[in-house]
Each structure stands twice: as structure tokens, then as C-alpha cells.
Amino acid sequence: MKKQKARLSRSDGLSSPTQETLNEHRRLKTSSWKHLRNTRLLVILSSPLIYVCVLPFLLLDAAVAVYQLICFPIYGIPKVRRKDYLVFDRGRLAYLNTIEKAGCIYCSYANGLLGLVTEIAARSEQYFCPIKHAHLLAHPHSRYAKFLPYGDARAYRAQSDAVAREYSDLDSRVK
């Protein structure tokens with residue numbers, strides 16, 4: 001099994017499993033029917049609450065796409081590439097049944113979209129308000145380290161314009 005993991009873990013993510021690995025994956029696949037039979041009833045009954053969230057996700061996706069398309073060029077903010085956040089590779093795994101694949105696709109979309117939105121908001125915050133908070137953040141976003149100290153009015157007046165335009169650390173393909 002260690003050899004199979006090595007074959008699937010190339011750094012570029014583009015490796016194809018061997019026929020031996022595919023056979024093993026298919027053997028380990030649980031049918032959708034068996035999957036449902038082994039799932040608690042409350043989990044099944046609550047599933048629609050999870051999937052109904054796709055509607056606000058789609059609206060959010062459309063809104064930030066339009067915002068980024070129109071506003072980022074105006075402000076000179078490099079666009080965030082969707083393909084860096086929305087990755088749908090787990091649906092191709094042979095050991096997942098249809099229900100599991102649908103769940104993986106949904107989770108990939110939801111979490112990828114939220115990561116994308118976070119990065120769009122981070123770049124917007126860098127442009128409009130590059131000031132650190134007074135309190136430590138549990139998970140500061142990708143642009144936060146560039147922000148100016150909280151309460152330092154002189155730094156804000158002297159450096160905020162420069163910080164708002166500082167994206168040299170980003171991949172040149174997104175500028």
C-alpha cells in the first residue's frame with residue numbers, strides 16, 4: 001500500500017494510478033446502497049440542510065466574480081484565480097461511490113469558494129484598510145502580514161498607499 005500512496009502523491013497532482021491501484025480502489029469501494037444502510041437516519045434526514053446551502057454559495061460566487069471582474073482592474077488589485085481554489089479532483093477516485101463523490105464535489109466547491117472569497121476579501125482589505133487588529137487573529141488571511149500596526153497613525157498616513165499597492169509577492173500570472 002505504501003508504493004500505491006507514493007504513486008498517487010506526485011507534487012503536480014497529475015499522476016495516474018496504476019492498473020493495480022485502480023483494481024485495489026474498486027475492490028475497496030462501498031456501494032451507495034450499503035453506504036446509505038450504514039448511515040444514521042438523522043444524518044440522512046439532515047443532509048438536505050447541508051445541500052440547500054448551495055443556493056447562497058452560488059449567489060456568493062456570482063457576486064464576488066462580478067465584483068472582482070469590475071472592481072479589481074479599477075483598483076489595480078491582482079485578480080484571484082478560481083482554479084487555485086476550486087479543485088474537483090476527488091470525484092475521480094475509484095474507491096468512492098456516487099454519494100461520496102457528490103459529497104466530495106460539494107465540499108470541494110463550498111470550501112474552495114470560501115477560500116476564494118477570503119482571498120478576494122483579503123486583497124480588498126489590503127487596498128482599503130491595511131491595518132492590523134488590536135487583538136491576535138486565530139487565522140489571519142494571506143495578506144495580513146503586510147498590514148500596518150494597529151494604532152500607528154503616522155505609519156498609516158505615510159505607508160497605507162504603498163501597502164495598498166504592494167502585490168509583488170503574488171505570482172506574476174495573476175497580475
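The values are calculated or read from the model by the stated rules, or taken from the named source; none is laboratory data. Predicted model only: the values in this text are computed from it and were never measured. All Cβ positions, even for glycine, are placed from backbone atoms using ideal geometry, and neighbour counts span all protein chains on display.
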Reported set for segment 101-123 where residues are closer than 14 Å to Ile50 by Cβ and more than 16 Å from the chain's Cα centre (by Cα) is Ala102
Do we find that Arg26 is surrounded by 13 or more Cβ atoms within 10 Å (Cβ to Cβ) and modelled with pLDDT under 95 in this structure?
no
Taking segment 55-100 and the residues there that are of a type in the set (Phe, Trp, Tyr) and part of a helix (DSSP H, G or I), the one that is farthest from the chain's Cα centre (by Cα) would be Tyr75
Could you tell me whether segment 157-168 includes any residue that is touching a strand residue (DSSP E or B) at 6+ places or on another chain (Cβ under 6 Å), in a loop (DSSP other than H, G, I, E, B) and either of a type in the set (Gly, Ala, Ser) or over 18 Å from Arg82 (Cβ atoms) (or both)?
no
Determine whether segment 122-130 contains at least one residue that is in contact with a Phe, Trp or Tyr (Cβ under 9 Å, 6 or more places away or on another chain) and assigned to a loop (DSSP other than H, G, I, E, B).
yes
Can you find a residue in segment 116-139 that is under 28 Å from Lys29 (Cα atoms), of a type outside the set (Phe, Trp, Tyr) and in contact with a helix residue (DSSP H, G or I) (Cβ under 8 Å, 6 or more places away or on another chain)?
no
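Per-residue answers, yes or no, for (1) at pLDDT below 80; (2) part of a helix (DSSP H, G or I):
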site	(1), (2)
Gln4	yes, yes
Asp12	yes, no
His35	no, yes
Ile44	no, yes
Ser47	no, yes
